[in-house]
Amino acid sequence: MRVELSSKRLRSDFVKKIAELSGQNLYLCYQCGKCSAGCPMGFAMDILPNQIMRLVQLGLEEDIANSKTVWLCASCLTCTVRCPRGVDLSRVMEALRLLTLRKNKNYVEPSKMPPETVADLPQIALVSGFRKLTS
Amino acid sequence: MDLAYYPGCTLKTRAKNFETSALAAMSALGINLVELPRWNCCGTVYSLAEDDLIHHVAAVRNLIRVKEQGKNKVVTLCAFCYNTLKRANLVMKDSPDKRYAINIFMDEEPDYYGEVETAHLLQVLRDDVGWEKIAGRVKHPLKDLKIVGYYGCTLLRPQSVAIDSVERPTILQDLLKALGGTAVDFPFATECCGAFQIVNNRDIITERTAAILGSAAKSGAEALAVSCPLCEYNLRQTQSSTKQPQSGVPVMPALYFTQLMALAFGLDLAVCGFEENSPETRAWLKNKGLIS
C-alpha cells in the first residue's frame, strides 16, 4: 500500500480528536500485532486492528473511513487486556465510530431492520447494538 | 441473608428463566435476592469515550437507588449489567472531575461518590457462600454431565472489573464441580460471541458461535454453562443455522449456571423455565434423565 506522509496529516485535527476522545496516547503502539492476533472479529475485517492504530498515528483518516473495521469491533476488550503497551484499543475504536455517529450518521438503520428480527432480539442486543452503531 | 438485587431489562422479558432459577437457587442457599423497588436500564454498554458522561447517568442512578435502600452492595445476574454498573461506579469513585460533572447534572439526586459495590452472583457464590456449602446443598449431583464454563467478555474484561483471572478463569468450572458435574476446560471460554453485532450481521455471529461450539465439542463437552443473556441468545439462535466449518460440529445446549444449580439442588423444575431454552436443550436434558 502506497502511503503519503505529511506533517500536516501527522498533526491534523483528526489525530488530536482521536487522542482526546479515546484518552489514549496513540504513539505508544509499536505494532506488535497482539491485538489483531486475538481479535475475534479479525477474520471479517478488511484492515486489522494494529493497522488501524498505524493509520491513526499517521492521520490517514480516509483509509479508516473506507474500512468496515471499526463497525465490526464488538468492544469485547480482548485487545485492551492484552496490549503490552497499555493502549486501550477499544477506546480508539469507539472514538473512530463517534467521529461518524456524531455527524448524525447511523451505521445501522433501525427503521430498516426486518420487524421480525427486532421482535426476536432481546433488549440486551438491541440497546447495545444501537448504542454502538447508531447516532 | 438479604442482598440487594438489580435484574436489568432482559431478565424481565427474554431471560426470565435466568432470574427464576437464580432466585430459587439462592433461596435454597438461604440468601434472598431482594429486587430494588425502583430501577432503570443500566445503559447496557459502558461508554468508552472520555467526554461521554451522559451515558454513565443511567448506571449511576441505579447505584443511588441501592444506597437509598441503606445497602452498599448490589448483585447482578446479567453479565452486561454487572460490567456497566461496576465500571460506572469506578468513574464515580476514581475520577473527581467526571464525578463532579455527573453529580451536578443529576441535581435531583443526592451526590454519589462510588460507595456501592457491584457484585456478580458468581462472586457471591464463591466469596460469600463458598463451594463447600453449595456442594452440601446438592441433592442430585450433575454426575456424568460434561460441561464447559463459557464466560464471554463482560465478566472478565477490563482487568479492573474482572471477577476472576482474565485469561484463565475457573469460577464457572469450580461451581460446576461443586454441583457434582464434570467441568471441561476449553480454549474458547473467554472468547467473544460477537455480542451486539447480531443486530446487523447474523453471519458473523454464526461464524463465532460455530467456532465456540466446535471447540467445546472437541474438548469433550456436551453443554455450556453461561451467565450472559446475549451469549445465550446468540448461541441458541445461530445453532440452527450453524455453518459447520468442520464436519461434526454438534448442536449444543447452553444453560444458565443458575438452571444447573436449581437442577442439582432438586428444586421444582418450573423455576428452571426450560421452555425458554432451545428444543435441543430440552431433548438433551430428557435424554440425561434430568427432566421428563
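Here, each number is a calculation from the coordinates, and none is a lab measurement. These figures come from a predicted structure and were not determined experimentally. Heads up, the Cβs are rebuilt from the backbone with ideal geometry, glycines too, and the neighbour counts pull from every protein chain shown.
Quick notes on this one:
- Extreme residue, positive dipole direction of chain B, given options B:ALA162, B:LEU33, B:LEU235 (C-beta unit charges): B:LEU235
- Amide H contacts under 5 Å for B:LYS73: B:GLU117, restricted to partners 5 or more places along the chain or on a different chain, H placed in the peptide plane at 1.01 Å from N.
- Rounded, prolate or oblate (a/c below 1.5 giving rounded, otherwise prolate when a/b exceeds b/c) for chain A by Cα gyration tensor: prolate
- Comparing mean-square fluctuations of B:VAL166, B:VAL75, B:VAL271 from a GNM of chain B with C-alpha springs under 10 Å, the top value falls on B:VAL166.
- Calculated [222 nm] ellipticity per residue, helices only, for chain B: -11500 deg cm²/dmol; basis is -39500 (n - 2.57) per DSSP H run with n ≥ 4, divided by all residues, nearest 500.
- For region B:137-292: rounded, prolate or oblate by the Cα gyration tensor [a/c cutoff 1.5]: oblate
- Each distinct pair of alpha carbons in region B:76-140 adds a 1/r term; the inverse of their mean, the Kirkwood radius, is 14.0 Å.
- Remark: relative contact order (chain B) = 19 percent; criterion is Cα-Cα distance under 8 angstrom and separation of 6 or more residues.
- Distance in nm between pseudo-label sites at A:ASP13 and A:THR117 (7 Å out along the Cβ direction from Cα): 3.4 nm
- When the convex hull of its Cα atoms is viewed from all sides, region B:161-202 shows a mean projected area of 4.3 nm².
- The alpha carbon gyration tensor of region B:102-210 gives principal lengths a ≥ b ≥ c with a/c of 1.5 or higher and a/b no greater than b/c, which makes the shape oblate.
- Using C-alpha pairs under 8 Å with a sequence gap of at least 6, the mean separation divided by the residue count of chain A gives a relative contact order of 25 percent.
- Normalised Debye scattering of region B:2-121 at q = 0.18 Å⁻¹ gives log10 I(q)/I(0) of -0.88, counting only Cα atoms as equal scatterers and leaving out solvent.
- Long pairs among B:LYS12/B:LYS288; B:LYS16/B:LYS71; A:LYS34/A:LYS68, criterion Cα-Cα beyond 22 Å: B:LYS12/B:LYS288; B:LYS16/B:LYS71
- 37 °C / 0.692 mPa s Stokes-Einstein diffusion coefficient of the protein assembly as shown, Kirkwood radius on C-alpha pairs, µm²/s: 147 µm²/s
- Unit charges on C-beta of K, R, D, E only; dipole of the protein assembly as shown, Debye: 620 debye
- Using alpha-carbon coordinates, inclination of helix B:229-239 to the longest axis of chain B, degrees: 30 degrees
- With 10 Å bins from 0: P(r) over region A:45-101, alpha-carbon pairs, percent: 24, 61, 15
- Annotation: Cα Rg of chain B relative to the compact-globule expectation 2.2 N^0.38 Å equals 1.00.
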